[in-house]
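The values are calculated or read from the model by the stated rules, or taken from the named source; none is laboratory data. None of the values given here were measured: they were computed from a predicted structure. Positions of Cβ are generated from backbone atoms using ideal geometry, with glycine treated the same way; all protein chains shown enter the neighbour counts.
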Amino acid sequence: MTGEEEVAQTPQEPGYLQAQKVEINYKTARFHRRIFANLVDFIVFAVVFIGLFALIRAIIVSTPDYKAKEDELISIRLDSGMYRKNANGKIMDTVSFLAASENNFTGYAKMVESRESVDKFIAYVGTVSGDSARITVQNDYDDYRLKPTLVYEGVPYFVVSEGNIVRNDACKANAETYFNNAYAPYIDEHCQGYLITLVPRYLELTRYESTTLIAGELLPAYLVAPFFSHLLPMMIFRRGRMSWGKALYRVGVVDNRLLVPTVSRTLARFAIFYFAEALLSPFTFAIPLIVSTSLMAWSKAHQSFPDYLLGLHEVDVSDDKIYFSREEILTSGMAGNRKPVDFKNTYED
């Protein structure tokens, strides 16, 4: 990239210099070095983010209010029959608990335990939400077991006998199959939904838990982490506004004056990248990052999307340095006697 700056001083000024043109030459940083630099920055960000998240979570879960709500939520889950506690004290949903190989349940035990879990859940709903809610779940359970599609080799899993819905003796499905095809789907697809819709306190507690996770733990960590992974190194490596990765691979940033970008433009560049690319990419199949990387690889000036908007360029500073002002260029002895190098056609180190 080539630029010319004209600086003039009058004879009365100290250090008088005649008006002169100063030619600045930079090389475009190689694409693979820019990619590796971005990868280093991502790794640094991920490490800082995970560390901050773990620290914030440890603080929050130790508060009395969170502990009380977590204990209440666990109590509801266990009392409902939809969750079990394993030998290590971990709370697992009933289907996962029964299916876990380390628990060594036989097929018959899985069938019986899952059937009893459904009966326990229906009774629990009646206790905490009233008889109307219990009848709603019971009717749904009855309809589910008798639906025409719940068959094995053309034979229904359940039949009505003396006014009760029972296992069909004519059905050749074994106990394991009853668990996998009849009881487990009902628990996962029906009971878990009723637990949220018919037990108001459970919904309140799960909302509190998810809100705390997102707003109280993930979001603060996500907002603070870039200060250490991107903004702090830009303050340290001010000449070129380099992040940790850019400093490692000697990739600096210049503006359209071919000087160090201003603080405001640097912050704008960071904000566009962080909030318009990185934050949106997980929800848009990484389209913003793909577009920006494609521009960096194949556009005429090899600029990423934020750099294109702000008139910035990433340059190789292995042998050159970036200047803060025209005056610094002159006092450093820069002169227009080198062959200019243009961003659009230069890739050599």
Legend entry - Top-ranked residue in the stretch 18-71 [being acidic (Asp, Glu) and surrounded by 15 or more Cβ atoms within 10 Å (Cβ to Cβ); ranked as modelled with the lowest pLDDT]: Glu23
Inset, instruction - Being more than 13 Å from Ala182 (Cα to Cα) and of a type in the set (Phe, Trp, Tyr) is the filter; apply it to the stretch 121-166 and report the residue that is surrounded by the most Cβ atoms within 10 Å (Cβ to Cβ). - result: Phe121
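Residue by residue, here is whether (1) at positive phi; (2) in the same structural domain as Val112 (by TED's automatic domain parsing); (3) touching a strand residue (DSSP E or B) at 6+ places or on another chain (Cβ under 8 Å); (4) exposed (fewer than 14 other Cβ atoms within 10 Å of the Cβ) holds:
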| position | (1), (2), (3), (4) |
| --- | --- |
| Tyr183 | no, yes, no, no |
| Leu205 | no, no, no, no |
| Thr211 | no, no, no, yes |
| Gly216 | no, no, no, no |
| Arg250 | yes, no, yes, no |
Legend entry - Residue ID - farthest from Leu218 (Cα to Cα), chosen from residues in the stretch 53-111 that are in contact (Cβ under 8 Å) with a residue 24 or more places away in the chain and aromatic (Phe, Trp, Tyr): Tyr108
Inset, instruction - Could you tell me whether Ala271 is under 24 Å from Ala225 (Cα atoms), at pLDDT 90 or above and in the same structural domain as Arg238 (by TED's automatic domain parsing)? - result: yes
Legend entry - Failed criterion for Val291 (all others in (1) in contact with a Ser or Thr (Cβ under 8 Å, 6 or more places away or on another chain); (2) modelled with pLDDT of 90 or more hold): (1)
Inset, instruction - Check whether at least one residue in the stretch 113-120 is assigned by TED's automatic domain parsing to the domain that holds Lys69, of a type in the set (Lys, Arg), surrounded by 13 or more Cβ atoms within 10 Å (Cβ to Cβ) and assigned to a helix (DSSP H, G or I), and report yes or no. - result: yes
Legend entry - Condition check for Asn164: without any contact (Cβ under 8 Å) to a residue 40 or more places away in the chain, within 38 Å of the chain's Cα centre (by Cα) and farther than 25 Å from Asp71 by Cα: no
Inset, instruction - Need at least 2 residues that are hydrophobic (A, V, I, L, M, F, W, C), out of contact with any Phe, Trp or Tyr (no Cβ under 6 Å at 6 or more places or on another chain) and closer than 23 Å to Ile76 by Cα per element, so show me which helices (runs of 4 or more DSSP H) inside the stretch 139-236 make the cut, counting only ones lying wholly within it. - result: 192-198, 200-211
Inset, instruction - Please go through the stretch 72-82 and pick out each residue that is of a type outside the set (Asp, Glu) and surrounded by 14 or more Cβ atoms within 10 Å (Cβ to Cβ). - result: Leu73, Ile74, Ile76, Arg77, Ser80, Gly81, Met82
Legend entry - Test: residue in the stretch 29-40 that is among the aliphatic types (A, V, I, L, M), outside the structural domain of Gly193 (by TED's automatic domain parsing) and touching an Asp or Glu at 6+ places or on another chain (Cβ under 6 Å): yes
Legend entry - Test: Ile74 is over 30 Å from Leu259 (Cβ atoms), at pLDDT 95 or above, of a type in the set (A, V, I, L, M) and not assigned by TED's automatic domain parsing to the domain that holds Gly245: yes
Inset, instruction - Could you tell me whether Lys110 is part of a helix (DSSP H, G or I), among the basic types (Lys, Arg) and buried (at least 17 other Cβ atoms within 10 Å of the Cβ)? - result: yes
Inset, instruction - Evaluate the following for Lys85: is it within 30 Å of Thr212 (Cα to Cα), surrounded by fewer than 16 Cβ atoms within 10 Å (Cβ to Cβ) and touching a strand residue (DSSP E or B) at 6+ places or on another chain (Cβ under 7 Å)? - result: yes
Inset, instruction - Any chance you could count how many residues in the stretch 265-308 are in a loop (DSSP other than H, G, I, E, B) and surrounded by fewer than 17 Cβ atoms within 10 Å (Cβ to Cβ)? - result: 8
Inset, instruction - For the stretch 184-200, name all the residues that are in contact with a helix residue (DSSP H, G or I) (Cβ under 7 Å, 6 or more places away or on another chain) and not small (Gly, Ala, Ser). - result: Tyr186, Ile187, Asp188, His190, Cys191, Tyr194, Leu195, Ile196, Leu198, Val199
